[in-house]
Amino acid sequence: MKLGMVIDLQKCVGCGGCDLACKTENNTPDGVHWAHHKSETQGQFPNVNYTYIPTMCNHCEDAACVKVCPTGAMHKDERGLTLQNNDECIGCKRCVKACPYGVISYNRMTPHRRWKDDEALVPGGTTSPLELRKLIGAEYSANENPERGDTYPMVRPKRTTEKCTFCDHRLDQGLNPACVDACPSGARVYGDLDDPNSKVSQLIKLHGGKQLQPEAGTKPSVYYIRQFGVVTSY
């Protein structure tokens, strides 16, 4: 088995719903994005071309981050996912530097620090972030998802790295990655790349899936099909 994803750029509407769903599901702090995107505008009006490419960990078959990790914290599992044992991460950032796609983040500061603030936003009119968090019994932030902690720390500590896990905790429950379910246009499909009858394999065969930076030699498990299109004239 080798789990992977196909992202149909023709179906993608560029809404960023995948980014928001990932952040909500995985409790990522400010400035950290397991799911993100690249956008670029080329040309001059009226001949303008706009591209939008959703990005995430590519769960590479020959992952550069796994190769350079000195403790084995970054590793491959039996499903082909690139995962991390956060307890073994020493924060050396070798994985960050080795990743050709720039999708591994480093926590320089303690995540969700603003939820430790005990000053009311409006004195006499509102509660403080800390008081609100305690009121609802949250450990880190008022909108945290405790289910993230099933397979990986709910919030990763200072001086450690973190990245997309393909929502492995959801896969264990027979669910889709959060970004897949959140996509309003059904642009994301995940499945077994080793199964020729899976939907991901059929889409790649039908449309000739492309990978980001194939020259890096990492053999990404995320494929893009077709092209992102916008209306440029009426």
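The values are calculated or read from the model by the stated rules, or taken from the named source; none is laboratory data. On a predicted model such as this, the values are computed, not experimentally measured, just so you know. Every residue, glycine among them, receives a Cβ derived from its backbone with ideal geometry; neighbour counts consider all protein chains shown. Protein only, heavy atoms only, side chains kept; ligands, DNA and RNA dropped before computing areas. Shrake-Rupley method; radii C 1.70, N 1.55, O 1.52, S 1.80 Å.
Here are the numbers for this structure:
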| item | result |
| --- | --- |
| Single match in ASP195, ASP181, ASP172, ASP168 (criterion: closer than 22 Å to GLY16 by Cβ and either open to solvent by 20 Å² or more (accessible area, probe 1.4 Å) or among the acidic types (Asp, Glu) (or both)) | ASP181 |
| Given (1) within 27 Å of ALA182 (Cα to Cα); (2) touching a Pro at 6+ places or on another chain (Cβ under 7 Å), number of the condition CYS92 does not satisfy | (1) |
| Filtered residues of segment 65-84 (kept if within 17 Å of the chain's Cα centre (by Cα) and farther than 23 Å from GLY174 by Cα) | CYS65, MET74 |
| Among residues of segment 35-54, those that are open to solvent by 60 Å² or more (accessible area, probe 1.4 Å) and of a type in the set (A, V, I, L, M, F, W, C), counted | 1 |
| In segment 44-64, the residues that are among the aromatic types (Phe, Trp, Tyr) and part of a strand (DSSP E or B) | TYR50, TYR52 |
| Matching option when the condition is surrounded by 17 or more Cβ atoms within 10 Å (Cβ to Cβ), among the charged types (D, E, K, R) and either more than 18 Å from HIS169 (Cα to Cα) or at pLDDT below 95 (or both), among ASP8, ASP62 | ASP8 |
| Residue in segment 167-186 that is farthest from PRO146 (Cα to Cα), counting only those that are of a type in the set (Gly, Ala, Ser) and within 15 Å of the chain's Cα centre (by Cα) | ALA182 |
| Residues of segment 95-124 that turn out to be of a type outside the set (Val, Ile, Thr) and open to solvent by 60 Å² or more (accessible area, probe 1.4 Å), as a count | 13 |
| Helices (runs of 4 or more DSSP H) completely within segment 126-190 that count 1 or more residues being under 25 Å from ARG226 (Cα atoms) | 178-182 |
| Check on PRO111, under 19 Å from the mean Cα position of the chain (by Cα) and under 19 Å from ASP30 (Cβ atoms) | yes |
| Segment 208-226: number of residues that are surrounded by 12 or more Cβ atoms within 10 Å (Cβ to Cβ) and either of a type in the set (Ser, Thr, Tyr) or touching a residue at least 60 places away in the same chain (Cβ under 8 Å) (or both) | 13 |
| Residues of segment 65-90 that turn out to be among the hydroxyl-bearing types (Ser, Thr, Tyr) and either open to solvent by less than 30 Å² (accessible area, probe 1.4 Å) or not in a loop (DSSP other than H, G, I, E, B) (or both), as a count | 1 |
